[in-house]
Structure formats: C-alpha cells, structure tokens
1. Per residue, what volume in Å³ does the convex hull of the Cα atoms of the range 14-271 enclose?
2. Among 101-108, 206-213, what's the highest-first ranking by average C-beta atoms within 10 angstrom per residue?
3. Taking 30 Å as R0, compute the FRET efficiency from the Cβ-Cβ separation of Arg238 and Glu40 and round it to 0.05.
4. Quick check: the angle from helix 14-36's long axis to the longest principal axis of the chain, C-alpha only, nearest 10 degrees?
5. Can you list residues from other chains, or at least 5 along the same chain, whose modelled amide H is less than 5 Å from the amide H of Arg11?
6. If Lys and Arg each add +1 and Asp and Glu each add -1, what is the summed charge of the other residues whose beta carbon sits under 10 Å from the beta carbon of Ala203?
7. Is it possible to state the helix-based mean residue ellipticity at 222 nm for the chain, with each DSSP H run of 4+ residues giving -39500 (n - 2.57), the sum divided by total residues, to the nearest 500 deg cm²/dmol? What is it?
8. Sticking with the crude label model, points 7 Å out along Cα→Cβ, report the distance from Val101 to Val181 in nm, one decimal please.
Amino acid sequence: MSAPILERDDRVLATTRALSAFIAPFLLVAFVLLYGFPGETARLWAWPIQSQMTSMLLASAYLGGCFFFLRVLLVERRWAAVRAGFVSVALFATLLGVATVLHWDKFAHGKVTFWLWAGLYFTAPFLVVAAWLTNQRYAGRPAPDEPRLGRVARRFLAGAGGLAVLSGVAMFVAPARVFRVWPWPLTPLTCRVVGATFCLGAAGLVVLADHRWEAVRLMRQVQLVMFALIAVAAVRARHEFFTARPLTWVMAVGFVGLFALSAASAVRDVGREGTRGKHSLRPHSH
C-alpha cells in the first residue's frame, strides 16, 4: 500500500495552533511581571535581575512572542508567514534552557516562577522544533505573482539578522568580555539572557531562502512591537546607562535607525495587505 501524498497547501496545522495557544499565556504573564514590575524581580521572578533595563528587554521579547503566537493561533493562515518565527523561538528557548543549567545556583528554586521557567525552557525547544518539522511538510510553493522583496531589502534584513545572531552568540559564549563594555549593568547570567534575545534576529535570515514579502511580514510586525517597548524601557531605565562607554551611543544610534526603518516598513506593509488575500491559502480537500 503506497503512503498517502501530503497536500502541500501551506496551511498552519491545528497542532501548531494548539502549541501557540499553550505558549502565549506564559509569555503574557512574564511580560506583565517583568515590564510592569522590573524592580521587583527578587520577589516575583525566577531569579533576581539587578538591572531594570534587562528585565524590560526580556519582557519586550516576551510580548513580541505573545503577539506572534496569538497571530499564529487566531489570524495567520499560511505557514510561509510564520515558519521563520518558529526557528528563532526554538533558538531563543534552547539558549535560555542552556543558560538555566549553566547558572542553576543563581535561580530561586523555591518559587513557582522558577519551575514554570525551567519547565518551559526544558520542553519548548523540542515542542517548537517538532511543530516546525511537522508543519514544514505542508509548506507550499511560492506563487509566481506573490510580492517579492528587492535585493537591497533582502541584503539588509539578512545582514541585520546575521549581526544580531553573531552578537547574541558572542554574549552567550563570552559574557565576561561583553558585560565590561555593555551600555548597562549585566551579570554572566543576564548577559547570556540578553544574548539569547538578540538571537531572535535569526528570523531575518529567512530571506536567504525565501524572497517573498509574506515570509517577513509578521516578523517585521513583531519587531516593531519589541522595538517600541524597548524604546519606552530605555527611557524608564535611563539612569542605568553608562554614558561614558562608546557602545552605549553606537547601540543608541543603531536602535533609533532600526526603529525608524521598522516603523516606515510597517506603514508600507499596510498597503500590501490587500494584495495577499488571494494567496492566503489554496483550497484543499479533507
């Protein structure tokens, strides 16, 4: 008996949506705790975070992730629009799981928040990778008339994503060398956590294989959510920045530039939304 032929219609599977529904509430609660009460991590979080900027940076990633998974659950119909996000989330979760093992003694093992943290990051990498592998079997082929990114845009997105990943890996591998020049106070643990957050930029590398606008549309929306929250966080935690360190100003200029480009891209993307409806999902039989 021959194996059934998979219908590669690019749909988001029910199991992928179920995983998104499972993860999103954890991220929302984490955002509220870290962004709403960044100075109360010793009481509320899995470990005490000394820097409020670090707390709010991680919180920004969490709300961006919550936004992403809610879109997967409720809005997005095409796997092409979300698959890059699953790759970057898997990398992020894996690094945080490794950081938890490396700095086990720094965590407050008696708190519920720690066991939620550990449970999530010891299981999420496997669950997210499994979801990606399963849903990728249904990935559809690009339609000839789908909007494509230009060469300059692809190079910029790939370059920015690659730089973010390289920076994140450097922070994770050699934290002692990084936090001495970093714009705000870090410890070896928080340096690795911030590095893992930077590695979310891996989503931008999707343009190396997929030139469609659809492949980066949601990623750019998530990026804008995160950047807006980080900008507010920087104002709230401005007293923590080491203004005498050159990297502080290099990162500030770079962040403002990326934030402006993200906002401009979001405005342009609104005009493209109407053109993607006919590509949302090819009809398929059950």
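Derivation of every value follows stated rules applied to the coordinates shown; laboratory data play no part. Small disclaimer: the values here were computed from a predicted structure and weren't measured. We place every Cβ from the backbone using ideal geometry, glycine too, and count neighbours over all the protein chains shown.
1. 121 Å³
2. Values: 101-108: 13.5, 206-213: 18.0.
Ranking, from highest mean packing down: 206-213, 101-108.
3. Details: r = 19 Å, r/R0 = 0.64.
Between Arg238 and Glu40 the formula returns 0.95.
4. Approximately 20 degrees, to the nearest 10.
5. The answer is Trp79.
6. Values: positive: Arg83, Arg220; negative: none.
So the environment of Ala203 carries a net charge of +2.
7. Working: 10 runs with 183 residues, N = 286.
Result for the chain: -21500 deg cm²/dmol, rounded to the nearest 500.
8. My value for the distance between the label points is 3.0 nm.
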